[in-house]
Amino acid sequence: MQAKQFLVFSEYTDPAHHVPLVAQRVASHAGQLYFITKDPRPLVSIITDNARRSLVHITVTGLGSTKFEPHAPKPADLMPAVQQLARILKDQLVVRIDPIIFGANHLRCFTVMRKFAQLGVQRFRISYCSLYPFVRQRFKSLGIPTPNSFHYPASWIAKHSTALANCAQQLGVSIEYCAPLPQVEHAIDPRIIKTGCASDIEYRRLGYKPVPPQRKQRPHCKCWAKAEGLPEFKSCKHGCVYCYFSKS
């Protein structure tokens, strides 16, 4: 096995906005690639040309082109590209329903799971929205009530995650949760796999030897080593109201 770390496009922006630069940096990286995007369409050729070494997370919350994600594409507009990638990548493709916002998409996420499973998507990943004070204020301005805490009540998460696990079981797909906070981990249905984005499992899935984390991470993060592919950017064009990078 080779010992290379993931090159990530991107935890800071959307690589769909920087395709020429992504292509250049992909060509100069010999190891595995990890794409995180709300719009895979401009990236399809780069990903398919590097399919063997690519892990792809496509975020589909069901809120694209709404007041919550005003400049993100609608789920229906993504379906042809997702179907093409699902056929090629198989279990190297993950659809992320992240974040789940009670009062906004906590019901839509079931539709997302059903429709994208029909396209051949085998893996889904969820996360409940972290309620930073500035995020709660934005939701309030949009008429979305939130608890006065950093996370949703455990009782809400327990009921909702159980329903999602039931849905995934009926569809024959896997459902995962990325590094849940200790305060809510106990509430998540046990059928939901708790894992990291660039975990040791993902290293081995692509045929690489896992590389231990080489930078400071959140205590509950389950990722192994990864390097940011677009470090000079700290925002994207989707305008999501829950964005943690935009605090204004």
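Restricting attention to the stretch 96-128, the residues being within 20 Å of residue 157 (Cβ to Cβ) and under 14 Å from the mean Cα position of the chain (by Cα) number 13. Evaluated against (1) out of contact with any Pro (no Cβ under 8 Å at 6 or more places or on another chain); (2) crowded, with 17+ Cβ neighbours inside 10 Å; (3) hydroxyl-bearing (Ser, Thr, Tyr), residue 111 falls short on exactly one condition, (2). Quick check on the stretch 207-227. Is at least one of its residues more than 29 Å from residue 31 (Cβ to Cβ) and either modelled with pLDDT of 90 or more or within 15 Å of the chain's Cα centre (by Cα) (or both)? Within the stretch 207-227, not a single residue is more than 29 Å from residue 31 (Cβ to Cβ) and either modelled with pLDDT of 90 or more or within 15 Å of the chain's Cα centre (by Cα) (or both). Has the stretch 30-40 got any residue that is among the aliphatic types (A, V, I, L, M) and touching a Leu at 6+ places or on another chain (Cβ under 7 Å)? Checked against the condition, which is being among the aliphatic types (A, V, I, L, M) and touching a Leu at 6+ places or on another chain (Cβ under 7 Å), the stretch 30-40 yields at least one hit.
For the stretch 178-192, the candidate set comprises residues that are surrounded by fewer than 18 Cβ atoms within 10 Å (Cβ to Cβ) and either modelled with pLDDT of 95 or more or aromatic (Phe, Trp, Tyr) (or both); within that set, the residue that is nearest to residue 125 (Cα to Cα) is 191. For beta carbons closer than 6 Å, sequence separation of 6+ or different chains, a first residue in the stretch 55-73 that is without any contact (Cβ under 8 Å) to a residue 24 or more places away in the chain and a second that is surrounded by fewer than 21 Cβ atoms within 10 Å (Cβ to Cβ) and of a type outside the set (Val, Ile, Thr), the qualifying pairs are 65/74. Residues in the stretch 62-95 that are acidic (Asp, Glu) and either under 17 Å from the mean Cα position of the chain (by Cα) or within 25 Å of residue 206 (Cβ to Cβ) (or both): 69, 91.
Please specify each residue of the stretch 20-45 satisfying the condition of being over 19 Å from the mean Cα position of the chain (by Cα) and either at positive phi or β-branched (Val, Ile, Thr) (or both). Working first, answer last.
Step one: filter the stretch 20-45 for residues over 19 Å from the mean Cα position of the chain (by Cα), giving 20-21, 23-31, 45.
If the condition is that a residue be over 19 Å from the mean Cα position of the chain (by Cα) and either at positive phi or β-branched (Val, Ile, Thr) (or both), then 26 is the only one that fits.
In the set (1) at pLDDT 95 or above; (2) closer than 30 Å to residue 5 by Cβ; (3) of a type in the set (A, V, I, L, M), the condition left unmet by residue 165 is number (2). Scanning the stretch 100-127 for residues that are of a type in the set (Val, Ile, Thr) and in contact with a strand residue (DSSP E or B) (Cβ under 6 Å, 6 or more places away or on another chain), we see that the one that is nearest to residue 143 (Cα to Cα) is 100.
Suppose the filter is surrounded by 17 or more Cβ atoms within 10 Å (Cβ to Cβ) and part of a loop (DSSP other than H, G, I, E, B); does residue 243 pass it? Quick ask: steps written out before the conclusion?
On the way: surrounded by 17 or more Cβ atoms within 10 Å (Cβ to Cβ): no; part of a loop (DSSP other than H, G, I, E, B): yes.
When the stated conditions are applied, residue 243 does not pass them.
Only one of the numbered conditions (1) surrounded by fewer than 19 Cβ atoms within 10 Å (Cβ to Cβ); (2) farther than 20 Å from residue 63 by Cα; (3) not aliphatic (A, V, I, L, M) is not met by residue 146, and that is (2).
Quick one: is residue 161 among the polar types (S, T, N, Q) and touching a residue at least 12 places away in the same chain (Cβ under 8 Å)? Walk me through how you get there before you give the answer.
On the way: among the polar types (S, T, N, Q): yes; touching a residue at least 12 places away in the same chain (Cβ under 8 Å): yes.
Taking the combined requirement at face value, the residue satisfies it.
Please enumerate the residues belonging to the stretch 219-237 that are part of a loop (DSSP other than H, G, I, E, B) and among the acidic types (Asp, Glu).
Initial filter on the stretch 219-237 (part of a loop (DSSP other than H, G, I, E, B)): 219-225, 229-237.
Listed by number, the list holds a single entry, 232.
The values are calculated or read from the model by the stated rules, or taken from the named source; none is laboratory data. Small disclaimer: the values here were computed from a predicted structure and weren't measured. Here Cβ is always computed from backbone atoms with ideal geometry, including for glycine, and neighbour counts include all displayed protein chains.
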